[in-house]
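First comes the structure, then the notes that go with it.
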Amino acid sequence: MAIVASAQRGTRRILAGADAWMNRLYGWRFNPLYHSGALVVALLLVVLVTGIYLLFFYRIGAPFASVARITDQVWLGRWIRGLHRYASDAAVVAALVHALRLFAQGRSWGPRTLAWVSGLVLLFTVFICGWTGYVMVWDVQGEVLARAGARLLDVLPIFSEPISRTFVGERPIPGAFFFLNLFAHIAIPIGLGLVVWLHVSRVARPALLPSRKLMWGVIGLLVALSLFWPVAMGPPADLFRLPAPAPFDWFYAFWVPLARPLSTGFVWAVTLAVAAATLLAPLWTRPARAARPPASWVDERLCTGCEQCYQDCPYDAIEMVERTENVKAGASATVARVDAGACVSCGICAGSCAPMGVGPPGRTGRDQLSRVQAFVAARRPGAKDVVIVGCDRGAGGIAAGESFHGALVYPVSCAGSLHTSVIEYLLRAGAGGVLVVSCPARDCWNREGPKWLEQRVYHKREAELRERVDRRRVRLAHAAVGETGGVVAELEAFRALLAELEAAPREAEFDVVRECDTAPEEAAR
Amino acid sequence: MTPLARRTTAIALALGSTLAIGALSRAPYTADRAAHGVVRLAWRARGERVEECRRLTPEELERLPAHMRQEESCEGRVLPYRLQLSIDGARVVDELVQAAGARHDRPLYVYRELTLQPGAHAIAVVFAREGAIPPGEREASEGTPPRLALDTTVALLSRRVLLVTYDDDARRLVLRDGSP
C-alpha cells in the first residue's frame, strides 16, 4: 500500500505542475485537464454522429472497397472519416487523463467505487469498439488486429470453431463475419450509453459536457486535423502475403507489437493482472479504516427541514424523510437524513446548513466555529492582518503552512464546506480581511464546493454570509495546488483594497453561534 | 510571461497536441519485417466418429422422463490423426491432432504456420488416422479419408504465404497461393 500511496503522491505532483501550467495558458475555465471526463462524452458524441454518416456508405459485402469509396468519392467522406478516427483517439487520451486524475486524488473508493469500475468498463468498451471499427476497414491494420485478436480469443474454450480459421485463406472471409463485426460496432456504443448513465448515477447534477468554448475548440482542432491531414487508406488485407507496412492507430493497436512475440497464455495473464489491479483500485487506494473520514450526520434537533443540504449535496447522499423524533410544535414535518453508503464526507452539507445541524463529525458548522475560536485565541489576527482560508487540496498548496507572505493561514478540508459564520467570526474578531482560496471550480475534489461557496457569500444562497458582514473585507479566489504565484497576486491585490478602508473595530464580546441560531418558527416562516 | 507569449504558447500547445494525435493515429508499422515466406497448414476435417454403446438397465430407464427413454446410450468421439510435415526431407512437424471439444467429438482443426527461406522446397504432408477402431466400439459415420498426403515441390516467394488445405469436395489435400 505504501507503493500505491507513493504513486498517488508522485502523480499528484506531476498533475499539480501540469494543472498550474495549463491554467496559466488557458485559464481554469478552459483547462482541458479539468474537463477530461466531460471531453470523453463530447468526443464520443462526435464519434456517434460521424459514425452514423459513415454507416450509410459501408458495405459488409465489400468492406475495403466501400471504405475506399467513402474516402475518395463520398461527399465529405474523407473528412468525416478522419474526424471519426481522430475523435476516437482523443477520447482515449481524455479517458486516460480522467482516470489518472481520479486515481491520484484518491477518488476511486467507497461510494465512488461504482464510478471507478464503470469508468474502466467504459474505457475497455471503447477499446473493443475501436478494435471492431478497424477490422471493418479490412486493410492491413484491420487484418493484423483481427488475427491478433482471434489468436487471443482462440484459447478461450467458448468457441465451437477456432476464430483464427476465418483468416487462413482457405475460403473468402464470410460476409457473416463482417456483419457480426458491424453489429458489435453499433451495439457496443448503445451499451456505452447505459454504462455512462451508471458512471454518473451517484452524483448530482453531473457535468456531462465541457464548457462550450472548450468543447468547440477541441472539435474545431480535430476538424482542422481531418481537413489538413486526412486519414489515408492502408493496403488492402491479403491473407496470402505477410502484412505490408501500413499506418497503424497506436491508440487502439498499441498492444499488437507487445503481444505478438509472447505466448497467448502470458498475454492473457498480463491482461488479467492489469485488469484486476485497476478494477480493484478501490480496495488498495482506500485509507485504513481508522483514517477514513466519517460520513455526515444530522442533528435532528437542529434540522429545520429547509432541504438546503439535500439540494447542495453533490452526491445525492441526503434525503428528506418524515420526522419521527423530536416531534414538537413548530418543528418541521421532515428532516434530512444522510445515506452513509453514498456520503463521501465532503462536508459541503456543513456549509449549507444555517442552523449548523449537519456535517461530518468534527466538521459541522458548530465544530468549525469552535475551531476558529481556538484559532483566533492562538493567532490573534489584527486589523492589518489578512486571514487566508485555504483549501487543503488546492489554494496554491499554502494550507500546509501557518502563514503565507505575512498572512495567517487557516486551512479547511474543502472551501465548499466552510460555514459562512467562520468568515464572519474572523472579521468580528478583528481580522482586517478574509481571503478564501478554493480549488478551481472544475477541479474541486468534492465537485461543487467553490460554486456553492460563491453563492453563499455573494448571492444569498441559504446559509449565506450575513448582510451585516462587510463584503469589501471578503475575497474569494481560485488556485490549483501548483499556483502559489496566483495566491500571492490575489493577496497583494486584496491588501491594496483593504489599505483604502478604515480599520474595522474589533468586537469585544459576541456569540456568532447564538446569533446564527435560527428559531424553528423563524426557519419555518 | 507576456500575454502575447502566453497566447502563442497556448496555441502552439493546442496545435502540437492535435498533431501528436494525428501522428500517433497513423504511425507506420510492419507487423512482420522478415523477407521469408510462410507455409500455412490449415484445414478442418470431419474425423472418423466412433461410438461406444451400451444398453440401459430397466432401472436406469425408469429414472428417465418418458420422452427420453432410449434403450441404447452411446458415447461418441472422433479418432485422432497424426500430422507429419517434412520440408526438403527433414521432418519439421510430427504431432497428434485431437478432435476439438472437451469430449473430442468436434471436428479436427489444423492450423500451423512455418517460415521458410524463399526458393524451391520439397514439401511432404501426411495426415493419417491414428490407430484402429477399438474393440467394442463401432464406426458411426465416415468422415475424412483415413490418410491424406501431399508430396510436392513449391516455389516460395518472399513475404508470400502458401496454404496447404483440405478440399472437402475432392477429399484430398491441396495447395493454394491466393491466385484465383
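Read-outs throughout are calculated quantities, based only on the coordinates presented, and are distinct from any laboratory measurement. All values reported here derive from a predicted model rather than from experimental measurement. Note: ideal-geometry Cβ built from the backbone for every residue, glycine included; neighbour counts use all protein chains shown.
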*Label zone at B:Asp177, where the point sits 7 Å out along the Cα-to-Cβ direction: segment B:39-81 residues whose backbone N lies under 20 Å*: B:39-42
*Taking a point 7 angstrom from the Cα of A:Leu279 along the C-beta vector, which residues in segment A:92-122 have backbone N less than 12 Å away?*
A:117-118, A:120-122
*segment A:404-424 versus segment A:302-365: alpha-carbon centroid distance in Å*: 22 Å
*Taking H placed 1.01 Å from N in the peptide plane, check which residues at least 5 places from B:Arg159 or on another chain put their amide H under 5 Å from its amide H.*
B:His36, B:Gly37
*Cα axis of helix A:2-26 to longest principal axis of chain A: angle in degrees, 0 to 90, nearest 10?*
90 degrees
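Please compute the average number of Cβ atoms from other chains found within 10 Å of each residue's Cβ in peptide A:165-171. Walk me through the intermediate numbers first.
Numbers: counts 6, 0, 1, 12, 9, 12, 1.
Mean shielding by partner chains, rounded to a whole number: 6.
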_chain B: relative contact order as a whole-number percent, Cα under 8 Å and 6+ apart_ = 27 percent
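Would you kindly calculate the translational diffusion coefficient of chain B, applying Stokes-Einstein with the Kirkwood radius from alpha carbon pairs, for 37 °C and a viscosity of 0.692 mPa s, and quote it in µm² s⁻¹ without decimals?
154 µm²/s
Go through segment B:26-69 and name the trypsin sites (Lys or Arg not before Pro) that are in a DSSP coil and have 14 or fewer other Cβ atoms within 10 Å of their Cβ.
Working: sites: B:Arg26, B:Arg33, B:Arg40, B:Arg44, B:Arg46, B:Arg49, B:Arg54, B:Arg55, B:Arg63, B:Arg69; in loops: B:Arg26, B:Arg33, B:Arg46, B:Arg69.
Sites meeting the loop and neighbour criteria: B:Arg33, B:Arg69.
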*Sorted by average packing, counted as other Cβ atoms within 10 angstrom per residue and highest first, what order do B:102-112, A:105-115 take?*
A:105-115, B:102-112
*Mind putting a number on the dipole of the protein assembly as shown about its Cα centre? Charges go on the C-beta only, +1 for Lys and Arg and -1 for Asp and Glu, and I need it in Debye to the nearest 20.*
1640 debye
*Report ³J(HN,Hα) in whole Hz for each residue of segment A:183-189, in order, from the Karplus equation J = 6.51 cos²θ - 1.76 cosθ + 1.60 where θ = phi - 60°; Gly and Pro get x.*
4, 4, 5, 8, 5, 4, x
*How large is the helix-only mean residue ellipticity at 222 nm for chain A, computed as the sum of -39500 (n - 2.57) over DSSP H runs with n ≥ 4, divided by its residue count, in deg cm²/dmol to the nearest 500?*
-16000 deg cm²/dmol
*Tilt relative to chain A, helix A:484-499 - C-alpha long axis, 0 to 90 degrees, to 10*: 30 degrees
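Taking a cut-off of 29 Å, what percent of all Cα-Cα pairs in segment A:361-520 are separated by more than that?
Numbers: 1232 of 12720 pairs.
Roughly 10 percent, rounded to a whole number.
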*Taking only pairs that are 8 or more places apart or on different chains, how many Lys pairs in the protein assembly as shown have Cα atoms under 30 angstrom apart?*
6
*Rank these for me by crowding, A:Asp154, B:Asp168, going from fewest to most other beta carbons within 10 Å.*
B:Asp168, A:Asp154
*Measure nothing fancy, just the Cα-based angle from helix A:63-72's long axis to the longest principal axis of chain A, in degrees from 0 to 90, nearest 10.*
70 degrees
*Which of B:Glu71, B:Glu95, B:Glu113 moves most in a GNM of chain B, Cα contacts under 10 Å?*
B:Glu71
_J(HN,Hα) series, segment A:215-227, from Karplus relation 6.51 cos²θ - 1.76 cosθ + 1.60, nearest Hz, glycine and proline x_ = 4, 6, x, 5, 5, x, 5, 5, 5, 4, 4, 5, 7
*Be a star and scan segment A:13-56 for residues whose amide nitrogen sits under 12 Å from the point 7 Å along the Cα-to-Cβ vector of B:Ile11.*
none
*Once the Cα gyration tensor of segment A:256-338 is diagonalised, what are the square roots of 5 times its eigenvalues, in whole Å and ordered largest first, as equivalent ellipsoid semi-axes?*
52, 14, 9
*Cα-based Rg (one decimal) and Dmax (whole number) for segment A:164-312, in Å?*
24.9, 80
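Quick check on segment A:35-284: what are the equivalent-ellipsoid semi-axes from the Cα gyration tensor, as sqrt(5λ), descending, whole Å? Mind showing how you got there, number by number?
On the way: eigenvalues 186, 124, 46 Å².
Calculated on Cα positions only, the semi-axes equal 31, 25, 15 Å.
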*At 7 Å along the Cα-to-beta-carbon direction for both B:Tyr111 and A:Phe266, put a label point, then send me their distance in nm to one decimal.*
2.0 nm
*Using amide H atoms built 1.01 Å from N in the peptide plane, name the residues 5+ places from A:Asp139, or on other chains, whose amide H lies under 5 Å from its own.*
A:Ala237
_From phi via Karplus (6.51, -1.76, 1.60), per-residue ³J(HN,Hα) for segment A:147-161 in Hz, x at Gly/Pro_ = 5, 5, x, 5, 4, 6, 6, 5, 7, 7, x, 10, 9, 6, 9
*Between A:Asn326 and B:Glu52, what FRET efficiency follows from the Cβ-Cβ distance if R0 is 60 Å, with the result rounded to 0.05?*
0.15
_Inside 10 Å of the C-beta atoms of A:236-248, what's the mean count of C-beta atoms belonging to other chains?_
6
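Fewest Cβ neighbours within 10 Å first, please rank A:Ser36, A:Ser211, A:Ser403 accordingly. List each step's numbers first, then the result.
Values: A:Ser36 21, A:Ser211 16, A:Ser403 13.
Ascending number of Cβ neighbours within 10 Å: A:Ser403, A:Ser211, A:Ser36.
Using the count of nearby Cβ atoms within 10 Å as a rough guide to exposure, how do A:His35, A:His98 rank from fewest to most?
On the way: A:His35 24, A:His98 20.
Ascending number of Cβ neighbours within 10 Å: A:His98, A:His35.
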*Sorted by average packing, counted as other Cβ atoms within 10 angstrom per residue and highest first, what order do A:363-373, A:13-23 take?*
A:363-373, A:13-23
*Whose amide H sits under 5 Å from the amide H of A:Val474, counting only residues 5 or more places off or on another chain, with H placed in the peptide plane?*
A:Val434
*Mean separation of Cα contacts under 8 Å (6+ apart) over length of chain A, as relative contact order %*: 14 percent
_Full-stretch length increase - A:Arg506, A:Leu208 - with 0.36 nm per residue and alpha-carbon distance subtracted_ = 102.6 nm
*Give the span of the protein assembly as shown's Cα atoms along each principal axis, as three whole-Å numbers ordered largest to smallest.*
108, 77, 47
